[in-house]
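Written below as structure tokens is the structure these notes are about.
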Amino acid sequence: MIGFFPGKFQPPHIGHAVTISKLLADKYYDKIIVGVSEDKPRVIDVDDIIETFSFIFPDENRITFCKISGTLIKYTKEETKDLPEFDVVITGNEKVIRWANDMGYIVELCPRTKGMGCSSTEIRRLYK
């Protein structure tokens, strides 16, 4: 089973790392593809986000990364052909859930990690 975990990750934070760790520990997935969107707001370059996650998970061969051009939830059925092959979209984002359902994908709800430092919006606000 290949899971697709998309997001902006602007910036990547402990909540993202915890969620990915839980998905890997689950052993349900043979592979996790972390899709990093070039969507806005952008405070960190997409390549730097991928490098950060690669640093956090250096020896994990079940995780790969891909860049998502533009905004995922604006992708049409035709544009989804540019995405890597996967079996299920894993997300806690309601907009992504709606989009994935509209595109005909199987969706697994992955509740967002809560707590201090586990919200990109909160971190961006502090950054400003």
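Brief remarks follow.
- Think of each Lys and Arg Cβ as +1 and each Asp and Glu Cβ as -1; about the Cα centre, that makes the dipole of the range 1-58 roughly 240 debye.
- DSSP beta bridge pairing in the chain, given as percent antiparallel to the nearest 5: 0 percent
- Convex hull volume of the Cα atoms of the chain, normalised per residue: 102 Å³.
- On full extension, the segment bounded by Ile44 and Ala17 gains 8.1 nm, given 0.36 nm per residue less the C-alpha separation.
- Of Lys40/Lys67; Lys31/Lys81; Lys27/Lys81; Lys40/Lys77; Lys31/Lys77; Lys8/Lys81, those spanning more than 25 Å from alpha-carbon to alpha-carbon: Lys27/Lys81
- Using only side-chain charges placed at the Cβ, +1 for Lys and Arg and -1 for Asp and Glu, the dipole size of the chain relative to its Cα centre rounds to 580 debye.
- Amide proton proximity set for Lys31, modelled H, under 5 Å, gap of 5+: Gly3
- Summed residue charge, Cβ within 15 Å of Asp30's Cβ, Lys/Arg positive, Asp/Glu negative: -2
No value in this document is a laboratory result; all are computed from the given coordinates. It should be emphasised that the depicted structure is a prediction, and the values quoted were computed from it without experimental measurement. Every residue, glycine as well, gets a Cβ built from its backbone with ideal geometry; the counts of neighbours run over all protein chains shown.
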